[in-house]
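A short write-up of the structure that comes next.
What follows is calculated from the coordinates using simple rules that are stated; it is not laboratory data. Keep in mind that what you see is a predicted model, and the values were worked out from it rather than measured. Here the Cβ is made from the backbone with ideal geometry for all residues, glycine too, and neighbour counts use every protein chain on show.
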Amino acid sequence: MNIEKLTQYWFFFSFLLQLFFGLTFIFLLDIFLDILYWPYSDPGIPRLFGVALLGYSFLNLLAYRKKEWECVKMVVLQQIVWILLEILAMLYIHFGLPTHPIVWVNTIIWIVQVTVFIYIYIQHK
């Protein structure tokens, strides 16, 4: 079965989004965390997160180039699991640690992204 245009566009959008956040966490960490009012003591951990996001972004780019659902199904499932775990971590941060309300923007972005991936998975099932 061929994938829908929405799926292809969403893979490309996810590539750009995760590329942006990945590069930001690696190269502009201080600026980004200052904008979010996010205190940190270990600059290595956020940069490792940035590297993980870069890996996921390029996985989206590879999936974007495919045309068959069977070729991208595991990427969609992987994105759903990854983003759901990320959202759980963000909710822990929101309710367990002192954060600035602007951090919710990041969480909302991930909630929208996982919602679309779930919709894509259901549509192709």
Self-check item: ³J(HN,Hα), Karplus 6.51/-1.76/1.60, whole Hz, each residue of region 66-72, x for Gly, Pro
Solution: 8, 10, 9, 4, 4, 6, 10
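Sequence gap at least 6, Cα distance under 8 Å: using those rules, report the relative contact order of region 29-125 to the nearest whole percent.
32
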Quiz prompt | Per-residue [θ]222 nm for the chain (sum of -39500 (n - 2.57) over DSSP H runs n ≥ 4, rounded to 500) | solution = -28000 deg cm²/dmol
Practice problem: Using the charge dipole of region 5-124 (Lys, Arg: +1 at Cβ; Asp, Glu: -1 at Cβ; taken about the Cα centre), state which of Ile45, Thr99, Trp110 has its Cα farthest towards the positive end. | Solution: Trp110
Quiz prompt | Label zone at Leu85 (point 7 Å along Cα-to-Cβ), backbone N below 12 Å, region 98-125 | solution = none
Practice problem: Starting with the highest mean, order 32-43, 7-18 by the number of other Cβ atoms within 10 Å, averaged over the residues of each peptide. | Solution: 7-18, 32-43
